[in-house]
1. With θ set to phi - 60°, apply the Karplus curve 6.51 cos²θ - 1.76 cosθ + 1.60 along region 31-41 and write out the HN-Hα couplings as whole Hz, x wherever there is a Gly or Pro.
2. How many Å³ per residue does the convex hull of the Cα positions in the chain occupy?
3. Putting +1 on Lys and Arg Cβ atoms and -1 on Asp and Glu Cβ atoms, find which of Gly6, Ala45, Ile65 reaches farthest to the positive end of the dipole of the chain.
4. In terms of solvent-accessible area of protein heavy atoms at a 1.4 angstrom probe, what is the ranking of Met40, Met28, highest value first?
5. On the protein heavy atoms, probe 1.4 angstrom, tell me the percent of accessible surface of the chain carried by carbon and sulfur.
6. Counting only heavy atoms of the protein chains, get the accessible area per residue of the chain (1.4 Å probe) and round it to a whole Å² value.
Amino acid sequence: MGYIIGGIECILYAAFVYYIAIKRPPAMIRLVKKKLNKNMSDNAAAIVCYIFASIALAGGIVLFIVGT
């Protein structure tokens with residue numbers, strides 16, 4: 001049961017980060033740039049968001065498979 005809950009959380013996290021990458025709200029992009037690298041462009045921050053969201057989505061799928 002814990003793996004399934006973890007899978008749901010990973011998928012929700014991935015959806016939120018995909019939203020940041022697609023819509024690019026200025027406050028959230030600024031937060032990503034602040035946490036990783038201040039000299040990063042907005043496009044680079046969006047690409048980083050895509051990468052992290054894809055990793056979280058893959059982790060969520062793995063947790064669903066392991067949990068069943």
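1. Result, rounded to whole Hz: 5, 4, 5, 5, 6, 9, 7, 5, 8, 6, 7.
2. 71 Å³
3. Among Gly6, Ala45, Ile65, the one farthest towards the positive end of the dipole of the chain is Ala45.
4. Heavy-atom accessible area, descending, gives Met28, Met40.
5. Within the chain, the accessible surface is 70 percent carbon and sulfur.
6. About 70 Å² of surface per residue is accessible.
The values are calculated or read from the model by the stated rules, or taken from the named source; none is laboratory data. Keep in mind the model is a prediction, meaning the values are calculated, not measured. Please note: Cβ atoms are built from the backbone with ideal geometry, for glycine as well, and neighbour counts cover all protein chains shown. Keep in mind that these areas ignore ligands, DNA and RNA; they rest on the heavy atoms of the full protein, side chains included. Shrake-Rupley method; radii C 1.70, N 1.55, O 1.52, S 1.80 Å.
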